[in-house]
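Asks: Mind having a look at this structure? Questions to follow.
Since every read-out is calculated from the coordinates, none of them should be taken as a lab result. What you are looking at is a predicted structure, and each value in this text was computed from that prediction instead of being measured. Note that we place each Cβ from the backbone using ideal geometry, even for glycine, and neighbour counts take in every protein chain shown.
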């Protein structure tokens, strides 16, 4: 099988890891295309790409090649929009310095990890990610370096240090003893302090705000079911962010914290593990998106002891994994907007797509799972019509796989072709 026509050969450079191959105008064809927006599979698709954007869309029968345009034929492959992961931690490692060993690790070291993880994520077919919370503002430098083309990585929407309570999950440092007086960058008490922390994050250029309305699995001394921050505090965070045009993501496992976050008006609830009927009704009525990481429990429980993850965290993971998957099934059946969020960093970056098959196993159709990682995720970002689509005017973020993913979603675990913004980063 010949994947590339001679006219594109000059665009493909050896060692694509260093420099992405690109062209100002490109005519791209393949055997078929999955369009999440229309829920259609299009045979013999043709896309005209100009300056990083889809300029025209059709089929090889009705969209002609403009004179002098480079062409790229992906043969029998299936193309789809680049995938979107709504919950990643690019400066976290799934395998290094887990548990107590990570205390005192320099932020510069984590940022170097982020460079490697960004490349792996992009080459795995995820052309856009949200990075929902980091220890400091270094993640903004990573985002900007990717945007400037200095390093390879997905398009990034990043939150800075999460805003939350003293001793809470995601905002504070609970591992060091009292004599160190260690406090997280985003710790605040009361609505006005919460607003101040949001303003600080906006000052330094974040794209969204992250908070936590319950405890978490990997934080010392927090309970999954215990609510964090009052509704008044959460409302202050949301109001301040929305007034400045930013969306808010809230980590929440327990039902009370989930409902508090929805009442406060957050845009996405992360994890959403212990959903009760009322929480599901509230999410559906408010149009709140749920980002539910239903794969990583397998990795944490399978590898956690070997990696040195604290027993407290493993116990909490054992308690939440099955229930979260049951909640996922119920939310999907109820018609709640559920988007793709992997929590990569808890498991290895580059393995993000392993969650897609689990989303089908636990209640979604293959098309719904793909929409969760493309068009619906773009909608949650406020980028519908720009990302997660292959219509004219959409960013030329395109991936291709050898097999039919609507028959077997594990096909997305071995993406063979990756284009982001018209630049080619991976070829078959």
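Asks: Using only the alpha carbon atoms of the chain, find the Kirkwood hydrodynamic radius as the inverse mean reciprocal pair distance, in angstroms to one decimal.
Replies: Working: mean 1/r = 0.0458 Å⁻¹.
Value: 21.8 Å, from the Cα pair sum.
Asks: If I model a spin label as a point 7 Å beyond the Cα along the Cα-Cβ vector, how far apart are those points for residue 386 and residue 56 in nm?
Replies: So the two model labels end up 2.6 nm from each other.
Asks: Okay, next question. If one takes the longest principal axis of the Cα atoms in the chain, at what angle in degrees, from 0 to 90 and to the nearest 10, does the Cα axis of helix 231-243 lie?
Replies: Relative to the chain, helix 231-243 is tipped by roughly 40 degrees.
Asks: Taking the chain as the reference, fit the longest principal axis to its C-alpha atoms, fit the long axis of helix 277-286 to the helix C-alpha atoms, and give the angle between the two in degrees, 0 to 90, nearest 10.
Replies: Approximately 60 degrees, to the nearest ten.
Asks: Using only Cα atoms, find the angle between the long axis of helix 107-123 and the longest principal axis of the chain, and express it within 0 to 90 degrees, rounded to the nearest 10.
Replies: So the inclination is approximately 40 degrees.
Asks: Using label points projected 7 Å from each Cα along Cα→Cβ, tell me how many nm separate residue 179 and residue 232, to one decimal.
Replies: 3.8
Asks: Also: For residue 64 and residue 243 in the same chain, what is the full-extension length gain: residue separation times 0.36 nm, less their Cα-Cα distance, in nm? Intermediate results must be reported in sequence, preceding the final value.
Replies: Details: separation 179, 0.36 × 179 = 64.44 nm, distance 4.65 nm.
Working it through step by step, the gained length comes to 59.8 nm.
Asks: Still on this structure, please answer the following. Between the range 169-207 and the range 216-288, what is the separation of their alpha carbon centroids in Å?
Replies: About 17 Å separates the Cα centre of the range 169-207 from the one of the range 216-288.
Asks: Can you bin the range 173-270 into rounded, prolate or oblate? Criterion: square roots of the alpha carbon gyration tensor eigenvalues sorted a ≥ b ≥ c, rounded for a/c under 1.5, prolate for a/b above b/c, oblate for the rest. Provide the component values of the computation, followed by the final result.
Replies: Details: a/c = 1.92, a/b = 1.19, b/c = 1.62.
It is oblate, given that a/c is not under 1.5 and a/b is not larger than b/c.
Asks: With a cut-off of 8 Å between alpha carbons and a minimum separation of six or more residues, what is the relative contact order of the chain in percent?
Replies: Values: 1017 pairs, mean separation 82.4, N = 428.
That works out to 19 percent.
Asks: So what is the 222 nm mean residue ellipticity for the chain from helices alone, if each DSSP H run of at least 4 adds -39500 (n - 2.57) and you divide by all residues, rounding to the nearest 500 deg cm²/dmol?
Replies: Helices in the chain give a 222 nm mean residue ellipticity of -9500 deg cm²/dmol.
Asks: Ranking 361, 306 by Cβ neighbours within 10 Å, fewest first, what do you get? Before the final figure, lay out each step's value.
Replies: Details: 361 15, 306 9.
Ascending number of Cβ neighbours within 10 Å: 306, 361.
Asks: Here's something else I'd like to know. Contour minus end-to-end for residue 306 and residue 192, with contour as 0.36 nm per residue of separation and end-to-end as the Cα-Cα distance?
Replies: On the way: separation 114, 0.36 × 114 = 41.04 nm, distance 4.31 nm.
Full extension from residue 306 to residue 192 adds 36.7 nm.
Asks: Something else now. State whether the range 45-100 is rounded, prolate or oblate according to the following rule on the C-alpha gyration tensor (a ≥ b ≥ c being the square roots of its eigenvalues): a/c under 1.5 gives rounded; otherwise a/b larger than b/c gives prolate, and the remaining case gives oblate. Don't skip to the answer; put the middle values down first.
Replies: Numbers: a/c = 3.69, a/b = 3.17, b/c = 1.16.
Because a/c hits 1.5 or more and a/b exceeds b/c, the range 45-100 counts as prolate.
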